[in-house]
Structure formats: C-alpha cells, structure tokens
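The structure under discussion appears below in the form of structure tokens.
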Amino acid sequence: MPHGGDYTIESVENALRTLLLLRNNPSFRAIDVATELQVARSTAHRMVATLEKHNFVRRNPDKSFSAGFQLVELGIAVLGGTDFAAEIQPFLDQLAQRTGETAHFLILDRDESVFVAGAEGTHVVRAVVRVGERLPAHATGAGRVLLAALPEADVASLYADHPLEGGTAHAIRTFDELRDDLVRVRAEGRAINTSHSEEGLMAVARPVVDATGTLRGAISVSGPEWRFAPRLTEVDRLLAESLAAFAKKV
C-alpha cells in the first residue's frame, strides 16, 4: 500500500500543524496559524473555526484559542488514564460527599500533574474541578506523591539542571528543597499542599494503588485553607479509607 509524502492530504497536515502550536504554548491566535502555515488570514480563520466546531480548540475571551475538550480527552487516553478514570470516578464521588471537599484523580506526565477525573465538593465555597488541566508537579500534592514514587535518578533528570517554575511564591523552588520534601512524602505516604498551586488552597494527596500493587496515579482532596486546615486529619483519614477500599475492589 503506498505511503509517504505523495499521499498526504494538505488540509489534514495543516490541521495537525495548527494543533501542534499548542505543544509549546497554552494558546494561539489566527494570525499565528497564518504565519505557521503561510496562508491567508481568512484561510487560517476557517481552519481554526473547523477545529473549534469539533471541540479540538476552544475560544478564549481574548479571542485566542486553547486546547478543547476533545483534544484534552485524546491526550488523556494516550497517557492511559481514560478507562481507569471511569473505574475510579465512583470513589471520587463518594469521597467528595464524605469530606465535603473536591476530589481529583491525577497522573504524572514528566514534570506535570494531569487532572484526569474529579468530583466537586458539597460546600458553596469549594475548589473547582479541573479535569484536563495541567500544573507543575512540584507545586501540587498529587504531583509530589507521584514524583516520590520515581527513582531519585529519574527525578534528578527532570529537575536537577533547571529551576522549578510555576505555582505561587510558596511553591518549592530548588531541586535540593524538592529532594528533601520527597523524602518526607515517601516516609509519610502523603503530601500536603498549602497554597503551593493557588493562594488560599490546601490539599492532601495519597497514591492510588490497585489490587496488584501497581501505582495508577494519585488522589488529591482540596478546599479553602481556612476550612481545610482544622479538618486535615479527618480528611486524610477518609482519603486513606477510600483508597484502601479501592485497592480491594480494582
């Protein structure tokens, strides 16, 4: 069967090149597409409109475009999280009901935490569900739990040669600080996040292990610090109970 450059479809190639603009940037504008593809702006607008129609990109208030739901779902599927997310969703729902706080299931993609599934808490003031979003792993409790499960050499390869960026002023900023923190996380089996990813937000995270002992990701429970801090021990206990029940059933 023939293959190669002579049998490619230019419009499909242009659509893929447009989506690849999101590889290094959180958003793009139609003029960026026109420049990348070397086409007229009207052609670029039609290309983006088609991708928007099929939910591969979404329009932002400033008229730029970011990854749409379909693209996010595809990325999560490639990372292996979609089927497992369906299995863990009932546990997230129950955990959110029992704690009153928002629960997320996350996986690790190099140095980023990926929010794969979530359930909103029951309080009026609560953390929002962030399915499909990414945050620096070192700035989230779940990310630090998952980094702690890696060999130290793998963590070093991700962080040793460059500064830790992202998160708030409270986030970990040096590799030495991260290395010391991961020692504590391994010892305690959990990570606590106090305003590292967002000011005023507190979370506790633990690893998700299935019945075979395989690490599948991490669950984080989060809420406003003023309410969460006095209940940290209680919320952590409920999280541990939920994970123990999950390990027996899956």
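In the range 114-147, what residues are assigned to a strand (DSSP E or B) and either of a type in the set (Phe, Trp, Tyr) or touching a His at 6+ places or on another chain (Cβ under 6 Å) (or both)? Listed by number, the residues that qualify are PHE115, GLY118.
Of the residues ALA187, ALA211, ALA244, ALA218, which single one is within 14 Å of ILE88 (Cα to Cα) and without any contact (Cβ under 8 Å) to a residue 24 or more places away in the chain? None of the others qualify; the one that does is ALA244. Annotation: of all residues in the range 88-112 being part of a loop (DSSP other than H, G, I, E, B) and free of Cβ contacts under 8 Å to residues at least 60 places away in the same chain, the one that is farthest from ASP210 (Cα to Cα) is ASP111.
Of the residues in the range 32-41, at least one is at pLDDT 85 or above, outside any helix (DSSP H, G or I) and of a type in the set (Val, Ile, Thr).
Yes/no matrix, rows are residues, columns are (1) aromatic (Phe, Trp, Tyr); (2) part of a strand (DSSP E or B):
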{"residue": "VAL208", "(1), (2)": "no, yes"}
{"residue": "ARG216", "(1), (2)": "no, yes"}
{"residue": "TRP226", "(1), (2)": "yes, no"}
{"residue": "LEU232", "(1), (2)": "no, no"}
{"residue": "GLU241", "(1), (2)": "no, no"}
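Pairs are defined by a Cβ separation below 9 Å, a sequence spacing of at least 6 or placement on different chains, a first member in the range 141-154 that is loosely packed, with under 15 Cβ neighbours inside 10 Å, and a second member that is hydrophobic (A, V, I, L, M, F, W, C); the pairs so defined are GLU152/LEU182; ASP154/LEU147. Quick one: count up the residues across the range 207-250 that are loosely packed, with under 15 Cβ neighbours inside 10 Å and closer than 16 Å to VAL125 by Cβ. Within the range 207-250, residues that are loosely packed, with under 15 Cβ neighbours inside 10 Å and closer than 16 Å to VAL125 by Cβ number 3. Does ALA191 satisfy the criteria of being of a type in the set (A, V, I, L, M), touching a strand residue (DSSP E or B) at 6+ places or on another chain (Cβ under 6 Å) and under 17 Å from VAL129 (Cα atoms)? For ALA191, the condition - of a type in the set (A, V, I, L, M), touching a strand residue (DSSP E or B) at 6+ places or on another chain (Cβ under 6 Å) and under 17 Å from VAL129 (Cα atoms) - is not met. With the requirement that a residue be among the basic types (Lys, Arg), more than 18 Å from GLU133 (Cα to Cα) and either touching a Leu at 6+ places or on another chain (Cβ under 8 Å) or without any contact (Cβ under 8 Å) to a residue 24 or more places away in the chain (or both), what does the range 15-63 give you? Selection gives ARG17, ARG41, ARG46, LYS53.
Out of curiosity, is LEU150 under 12 Å from LEU108 (Cα atoms) and in a loop (DSSP other than H, G, I, E, B)? So LEU150 fits the description; yes.
Scan the range 174-193 for residues that are of a type outside the set (Asp, Glu) and either part of a helix (DSSP H, G or I) or modelled with pLDDT under 90 (or both) and the total you get is 10. May I ask you to list the residues in the range 93-112 that are buried (at least 19 other Cβ atoms within 10 Å of the Cβ) and at pLDDT 90 or above? Within the range 93-112, LEU95, ALA96, THR99, GLU101, THR102, ALA103, HIS104, PHE105, LEU106 qualify.
The values are calculated or read from the model by the stated rules, or taken from the named source; none is laboratory data. Because the structure is a prediction, the values reported are computed rather than measured. In this analysis, Cβ positions are derived from the backbone assuming ideal geometry, glycine residues included, and neighbour counts consider all displayed protein chains.
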